[in-house]
Amino acid sequence: MPAAGGGVRLGAELPKALVQIAGAPMFVHAARPFLRNAQCVEAVVTAPAGWEPRFQQAADREWGKERVRVVTGGAVRQESVACALAALISDAEFVLIHDAARPLVGEALIGRVLAALADAAAAVPALPLADTLKRTDEQKTVVETVERAGLVAVQTPQGIRRAAAEEAQRRARAEGFEGTDDVSLIEHFALGTVKAVAGDPRNFKITTTEDLTLARKLMELNGQCAGASGKNR
Ligand code: C5P
């Protein structure tokens, strides 16, 4: 789980993943449904340098000692994912990479991603786009209307066969390639089919203070305090 980002855009002094929502840090919410999945053999969380003990304490409080291992992340998200992959100790065949910034992820979505990995190298949750898309130039003048058919917005968790994920990271490092998400490395290096599964609008990424307020309200509504969480998303 990449959780090594800062909290600048939220105006927080803490890293974003440690910001409290409904009684627990954001990353704990984001990890809970994975830890409840019987197929989850290990979990690694990346923390910003210097914050590892805070993350490890929070994880140990939630799941018991070392059930979740915290490692130091990198300067950019892709490097953090590389750090997490390098820290794996099991022989797991698949990896699920999920942003701590999406604490409203549900168990059903995780199930859809895992199911799609049966016959694909990678799987990604995707949502249709509701708005009309336009391209603008530097002066903010509309240049064209972009055909929306076939376009989707993607989320995490992104599921990847472990061998393909490691190969993609190795080649990205060697070539200095930086993708905008995890499966874009699989696409770039043509390491196999990437399947899209139905995403979940509630699994939005927390970027602004408005997102944080919305997440808190939704968790209140779900009664999602202290360990319970939505199973049907
Ligand atoms: O900044 P943003 O929310 O887009 O980051 C997406 C995820 O990647 C977050 O969960 C963040 O903690 C993580 N991240 C990371 N290492 C970085 C930058 C971001 O693990 N260097």
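Which ordering of 1, 219 is given by a fewest-first count of other beta-carbon atoms within 10 Å? The partial results should precede the final answer.
Details: 1 27, 219 21.
The fewest-first ordering by Cβ neighbours comes to 219, 1.
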Taking the number of other C-beta atoms within 10 Å as the exposure measure, put 160, 110 in order starting with the fewest. 110, 160
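Charges only on Cβ, +1 for Lys and Arg, -1 for Asp and Glu: so what's the dipole of the chain about the Cα centre, in debye to the nearest 20?
580
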Who wins for biggest fluctuation among 46, 72, 136 in a Gaussian network model of the chain, springs between alpha carbons below 10 Å? 136
Under a Cβ-Cβ cut-off of 13 Å, what is the net charge of the residues other than residue 21 that fall near it, where Lys and Arg count +1 and Asp and Glu count -1? +3
How far is the Cα center of region 59-85 from the Cα center of region 131-174, in Å? 25
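What's the exposure ranking of 113, 183, 194, going from fewest to most Cβ atoms within 10 Å? If you can, show how the numbers build up before the last one.
Details: 113 25, 183 28, 194 21.
If I rank by nearby Cβ atoms, fewest first, I get 194, 113, 183.
Compute the length gained on full extension between residue 126 and residue 65: take 0.36 nm times their separation in residues and subtract their Cα-Cα distance, giving the result in nm to one decimal. All intermediate terms of the calculation are to be shown ahead of the outcome.
Working: separation 61, 0.36 × 61 = 21.96 nm, distance 3.45 nm.
Stretched fully, the residue 126-residue 65 segment lengthens by 18.5 nm.
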In nm, to one decimal, how far is the residue 220 label point from the residue 8 one, both placed 7 Å along Cα→Cβ? 3.1
Name the most mobile residue of 60, 200, 91, meaning the one with the largest mean-square fluctuation, in a Gaussian network model of the chain with Cα contacts below 10 Å. 91
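Quickly rank 124-132, 98-106 as a protection proxy: mean count of other C-beta atoms within 10 Å, highest first.
Working: 124-132: 14.1, 98-106: 25.8.
Descending packing order for the listed peptides: 98-106, 124-132.
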Unit charges at the beta carbon, dipole of the chain: most positive-side option, 189, 33, 12: 33
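Looking only at the chain, where both bridge partners belong to it, what percent of the DSSP beta bridges are antiparallel (to the nearest 5)? Each step should come with its number before you reach the end.
Values: 15 of 26 bridges.
If we restrict to bridges inside the chain, about 60 percent are antiparallel.
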If you average the alpha carbon positions of region 104-128 and of region 10-29, how far apart do those two centres end up, in angstrom? 25
Please list, in chain and number order, the residues 5+ apart from residue 197 or on another chain whose amide H is under 5 Å from its amide H, with Hs placed from the backbone. 124, 126
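What are the DSSP H helices in the chain that stretch 15 Å or more along their long axis, judged by alpha-carbon atoms, and whose average Kyte-Doolittle hydropathy comes to at least 0.0?
Within the chain not a single helix satisfies the rule.
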Label-point separation, residue 187 to residue 139 (7 Å along Cα→Cβ), nm: 3.2
Using just the C-alpha positions of region 8-222 as equal point scatterers, what log10 of I(q)/I(0) does the Debye formula give at each q in 0.07, 0.16, 0.17 1/Å? -0.23, -1.20, -1.33
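Each value in this text was obtained by applying a stated rule to the coordinates, not by laboratory testing. Small disclaimer: the values here were computed from a predicted structure and weren't measured. Don't worry about glycine lacking a Cβ; one is built from the backbone with ideal geometry, like all the others, and counts go over all protein chains shown.
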